[in-house]
Amino acid sequence: MRICDVKSAEEFVTLSAHWGTLFSADLHAHFRPVPEEISQFLATELPASPAATSAPVVAAASEESAPAAEEDAAQDELKRLRAAAAAGQPKAQHYLAALYSTGTGGVELNWPAAIELYHKAADQGLSISQNNLGFLYATGQGVQADPLQAYMWFQLAFRGGYQEAGPNLDVLAQHLTAAQRQQAEEMAWERLRRAATAQ
């Protein structure tokens, strides 16, 4: 059976291994924030407390101590990022999820933690996290591949202004039936309705 012959979600899931191979290079997601990107986010949107910023900074006495100082700074940023994510800050949840999904930035690869954080950020309307969830459900990374969930999350991301989700929708749409696309769009509208009611 060719992938374009898929007629149901159940049939689709059996092809998840092939699906990831076919689309991982064609779909766009934001999984690897550079340290500078996280540092900028923390500095502009989550500034450190006055006590932390007013504490004296001890200059490195030698070149050997510079890496230790950088490691301390990185650990401090990770601690602040985790605290903000735990407090419900969606961008912090997204960045921490990106670290967990790649095993970078001082954390080990942890798909369950990444998926949970992406869902928390996406449920708050963060379109980049919605797009990443679409990618994960499309390729079966960290979750069981699910074409309807993937299409739904790409729809929500695109409606939320994340332009890269548009090409993702186009790629995915070529391999779904009209009925599947309609069902996924209805799922997206239902999520939007629930979100509006909750506000």
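Quick notes
- For the stretch 1-104, the helices (runs of 4 or more DSSP H) that sit wholly inside it and include 1 or more residues that are at pLDDT 80 or above, surrounded by 12 or more Cβ atoms within 10 Å (Cβ to Cβ) and among the aromatic types (F, W, Y) are 35-45, 90-102.
- Subset of the stretch 148-199 [more than 14 Å from A29 (Cβ to Cβ) and among the polar types (S, T, N, Q)]: Q149, Q155, Q174, T177, Q180, Q182, Q183, T197, Q199
- Set A122, A179, A195, A157: member being without any contact (Cβ under 8 Å) to a residue 12 or more places away in the chain, assigned to a helix (DSSP H, G or I) and of a type in the set (A, V, I, L, M): A179
- Of the residues examined, G125 is one that is small (G, A, S) and either over 11 Å from the mean Cα position of the chain (by Cα) or over 29 Å from M187 (Cβ atoms) (or both).
- Any hit, the stretch 134-149, residues being among the hydrophobic types (A, V, I, L, M, F, W, C), within 12 Å of the chain's Cα centre (by Cα), surrounded by fewer than 22 Cβ atoms within 10 Å (Cβ to Cβ) and in a helix (DSSP H, G or I): no
- The residues of the stretch 160-176 that are within 22 Å of Q124 (Cβ to Cβ) and either assigned to a helix (DSSP H, G or I) or free of Cβ contacts under 8 Å to residues at least 12 places away in the same chain (or both), listed by number, are Q163, A165, G166, N168, L169.
The values are calculated or read from the model by the stated rules, or taken from the named source; none is laboratory data. Owing to the predicted nature of the structure, the values given are computational and were not obtained by experimental measurement. Here Cβ is always computed from backbone atoms with ideal geometry, including for glycine, and neighbour counts include all displayed protein chains.
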